[in-house]
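Q: Handing you a structure now.
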């Protein structure tokens, strides 16, 4: 089964290559999309025949893994593996990439050069999937970097009017993060003598002195904070989202941000448990600050995509709060929150793209009355907004509620205060999403909305939206979908930290 | 009696023979670039083979002083020229670089338009082969005199090569700047060597190291410190490190583009090797002095050069500043000698290995970048960055090679070679305990990306014709002087396109493939 791990990475690579080389526009797109579909199937199949290998020793027990030496001089091994923490995110990645490719197939006439866009999306997919699969620190870093330039190109060449500046801001911020990651990774590898995540987390950080752990955790924490993004390092995100094309936003919010939280959970917490415990308070305070700042900024936003982008800052704040509690409940909440945010925000950006495409504006002041002109679109938008604000029964609820519960569960004054503040932030989330819905869907139809030529929902849109709508419902009603696979590794990780 | 081992000297003989061969070819077939270039290429390849063959054998020494005290000393102790494995590696590297540059020179040597006379092929190849001879000898040098003479032999022909573009003020100016700075820095290095001789009474690397290691007094003498600083400072000129960096942009821009490629690769490798030999082999015991100098030079070089590169709008100047910054990265691992933890045998070995690895990565990527410039511009100079707008659309393969080289220099995937190079040097800095240096390197990588990304965006951006039609919603192109760029690219580019010399294509393809291969299997 472990060949599937390679397939998940090799299929997008071949697809990207084919889409670039095939001269015929439509054929290139089709081949690329086919590759994305095959990669999705391969990643699904990884969930079958799980081997609980690795014995009782290890915090990471991959279901499937493969391990080859690549560059011995750098302690770099080609070590891939999938377990309950990475599996849901991996499937989310391949699914969203597939949906984005389908969307591009349909929207080709006004994007142009869809073949290259699909190739770049597949290249981004390699990086993200590789990051989730890597079980070697240096390999993790390499995949982390792979994402950078293709995403830059997606924003810089298919984005809005101010795309160049936004793309440069994105790439410089995240490169800053990833070079700090490199220094942190090298610090760990040099001091511990190995870059293998399984070995490192099995050692429970014993190989590293307390000072080294603090230094490395600070470096890695900063790196992942830029990517997640954690307040106050989030400023690249709204610009990037506002200017990025719809598919770029979907991938960016849906899975790219997860690299930060996943890295924090797997790498920073998993290999540096001692420092993680000591710095958890700082992380918690910053996470709650992100929740509140994100919510307050959203209340004042006038642009649809920018609002959704800032709402990501708030949602990722909940995820980080869950991680910061350093408990099994918190980690589970973070994991579910990650997946839920990927599904819902991906859907929201697709919908925002649909609205902007129809009305040629994203300004909340120019929108209104969508409910009358295009009831189906307004209905799905309302559903996504409700899911995002954490309505019980939909996917967004579990992650946020249990992050607060986990924080209360620490039974310490600081964490209780943080929990209360986070809950207030959750209420603010409801406030701004309802405000957004009131502006966009209710009221009399504005000129832009009244001018919509095609109020109906097209077939391609149904194809791309329905899986996400279905998943938002499914994860909301049956959260065990994610919890079942994740519980064992999360318990193991929590036991490493809570030693 | 001085012993001369002709087999050890074989690579140097072949390299010098190459120069003579180029000269003779020019006499037999005056001005015909085909035979002349062929002969030079053959000679360079022959040099590489000879160096490789000699390198596989036992270590040999030549120009050896008689061993004192009747004890048969090891050949490395008292020979000026030692043909060992590292020397062979360096000689092969120089020969291959020269071969690559000869391949890239074809457009510059072809008779072009009347206003742009071709470079004289005979003189060009002769000078290039002379310079190669200096590089080959440099790898084998084992005392300060041989080292400095070979560095000068490497540099001297380059004055002529830079000035070779007739009726070009920029070319003459570049050569003049190069010459003056080079003479000054050569004098500085010589002064350092002389002072070192005064302190230790030795010229052989091993002799100096033994003298310094044997006497704490000699080590702590202020004169020794001055000598170390002067010697390293003088050699820093060759790699265009910061106190002596100002010549590089003017010279690169003025020189014919293949010569700029040679300057930024072979000449720079020469400087790196010289600094490595001197600091590790001769000044080993004085590393507490040499270390901080190298660290300061490295930090200043990468920071200043990266910041200045942000504001360049000419392609070759940008590449020149970026190559100055890269020199900083190359020297950075040696900066760990500043710390006690960086002076253990293991850390020194790692730092040296990192420097050599980074140099090899860098040379391949830099040659690919210059090769792309030449393939696109032909005999013309590097031009403005705006002239490259839309290159990837019009020449996808060339664009891909160029983008790969630039991305590699920035140290990002898919330029995996550059990424590994970055990991290697940060690891070396970290292993020596110089974490602050690792962070400086990391921050510089971010600054560096800012300008590489700008060029890459231009390369991949819409072509001038398309852009001129599409100024409107895609308003970002309106800010640039597209009209000027389009006009120029319009008349220059078609001339170059379609007639790209096959040797350029071959050289560029080989270099690019090499870059990809070492990216995956370093």
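Bear in mind that the values in this text are calculations on the coordinates, not laboratory data. Everything quoted here is computed from the prediction, not taken from an experiment. Note that each Cβ is placed from the backbone with ideal geometry, even for glycine, and that neighbours are counted across all protein chains shown.
Q: To the nearest 0.05, what FRET efficiency results for residue A:450 and residue A:34 with a Förster distance of 30 Å applied to their C-beta separation? Walk me through the intermediate numbers first.
A: Working: r = 40 Å, r/R0 = 1.33.
With a Förster radius of 30 Å, E is 0.15.
Q: Quick one, can you get me the convex hull of the C-alpha atoms of the protein assembly as shown expressed as volume per residue in Å³? It would help to have the intermediate numbers written out before the result.
A: Values: hull volume 165.0 nm³, N = 1021.
Convex hull of Cα atoms, per residue: 162 Å³.
Q: Ok, one more. Take the Cβ-Cβ distance between residue B:6 and residue B:281 as r, set R0 to 22 Å, and report the resulting FRET efficiency rounded to the nearest 0.05. Could you put the intermediate results ahead of the total?
A: Details: r = 24 Å, r/R0 = 1.11.
With R0 = 22 Å, the Cβ-Cβ based efficiency is 0.35.
Q: Using only the alpha-carbon atoms, how far is helix A:395-408 inclined from the longest principal axis of chain A? Give it as 0 to 90 degrees, nearest 10.
A: 40 degrees
Q: Once you put a point 7 Å from the Cα of residue A:460 and another 7 Å from the Cα of residue A:214, both along the Cβ direction, what distance in nm separates them?
A: In this crude label model, residue A:460 to residue A:214 measures out at 5.6 nm.
Q: Can you tell me the length gained on complete extension of the stretch residue A:207 to residue A:10, counting 0.36 nm per residue apart and subtracting the Cα distance? Show your work: numbers first, answer last.
A: On the way: separation 197, 0.36 × 197 = 70.92 nm, distance 3.46 nm.
Length gained between residue A:207 and residue A:10: 67.5 nm.
Q: Specify whether the C-alpha gyration tensor of segment A:174-216 places it in the rounded, prolate or oblate class, a ≥ b ≥ c being the square roots of the eigenvalues: rounded for a/c under 1.5, otherwise prolate if a/b is larger than b/c and oblate if not. Each step should come with its number before you reach the end.
A: Working: a/c = 2.38, a/b = 1.65, b/c = 1.45.
Note, shape of segment A:174-216 comes out prolate.
Q: Length gain on complete extension for the stretch residue A:282 to residue A:424, per 0.36 nm per residue less the alpha carbon to alpha carbon distance? Each step should come with its number before you reach the end.
A: Working: separation 142, 0.36 × 142 = 51.12 nm, distance 1.95 nm.
Length gained between residue A:282 and residue A:424: 49.2 nm.
Q: Across peptide B:436-444, how many C-beta atoms of other chains are within 10 Å of each residue C-beta, on average?
A: Details: counts 0, 0, 7, 4, 0, 3, 11, 4, 1.
Per residue, the average neighbour count from other chains is 3.
Q: Now a separate question. Would you calculate the separation in nanometres between label points at residue A:68 and residue B:246, each defined as 7 Å from the Cα along the Cα-to-beta-carbon direction?
A: 5.3 nm
Q: On C-alpha positions alone, give me the angle between the axis of helix A:375-388 and the longest principal axis of chain A, in degrees, nearest 10.
A: On a 0 to 90 degree scale, this one is about 30.
Q: Another question, if that's okay. Cα centroids of segment A:326-341 and segment B:244-265: how far apart, whole angstrom?
A: 56 Å
Q: Using 0.36 nm times the number of residues separating residue A:27 and residue A:48, minus their current alpha carbon distance, what extension gain do you get?
A: Numbers: separation 21, 0.36 × 21 = 7.56 nm, distance 3.23 nm.
Result: 4.3 nm gained on full extension.
Q: Moving on to the next point. For each of B:176, A:151, count neighbouring Cβ atoms within 10 Å of the residue's Cβ, then give the residues from fewest to most. Intermediate values should be presented prior to the final figure.
A: On the way: B:176 17, A:151 26.
Listing B:176, A:151 from fewest to most nearby Cβ atoms yields B:176, A:151.
Q: Follow-up. Take peptide B:446-458, look around each residue's Cβ out to 10 angstrom, count Cβ atoms belonging to other protein chains, and average those counts.
A: Details: counts 10, 3, 1, 9, 4, 0, 1, 11, 2, 0, 4, 7, 0.
That average works out to 4.
Q: Enter the Cα centre distance for the pair segment A:261-294 and segment A:388-455, rounded to the nearest angstrom.
A: Result: 22 Å between the Cα centres.
Q: Additional query: Ordered by packing density, taken as the mean number of other Cβ atoms within 10 Å over each peptide's residues, highest first, how do A:418-426, B:230-238 rank?
A: Values: A:418-426: 20.3, B:230-238: 25.3.
Descending mean neighbour count gives B:230-238, A:418-426.
Q: Efficiency by 1/(1 + (r/R0)^6): what FRET value for residue B:28 and residue B:311, r their Cβ-Cβ distance, R0 = 56 Å, to the nearest 0.05?
A: On the way: r = 49 Å, r/R0 = 0.87.
So, using R0 = 56 Å, E works out to roughly 0.70.
Q: So, one more: Once label points are set 7 Å from the Cα along Cα→Cβ at both residue A:78 and residue A:302, what is their separation, rounded to one decimal in nm?
A: Output for this residue pair reads 5.4 nm.
Q: Right, next: Between segment B:346-371 and segment B:1-57, what is the C-alpha centre distance in whole Å?
A: What the calculation gives is 26 Å, centre to centre.
Q: For chain A, find the longest principal axis of its Cα atoms and tell me its angle to the long axis of helix A:480-497, 0 to 90°, nearest 10.
A: The angle comes out at about 40 degrees.
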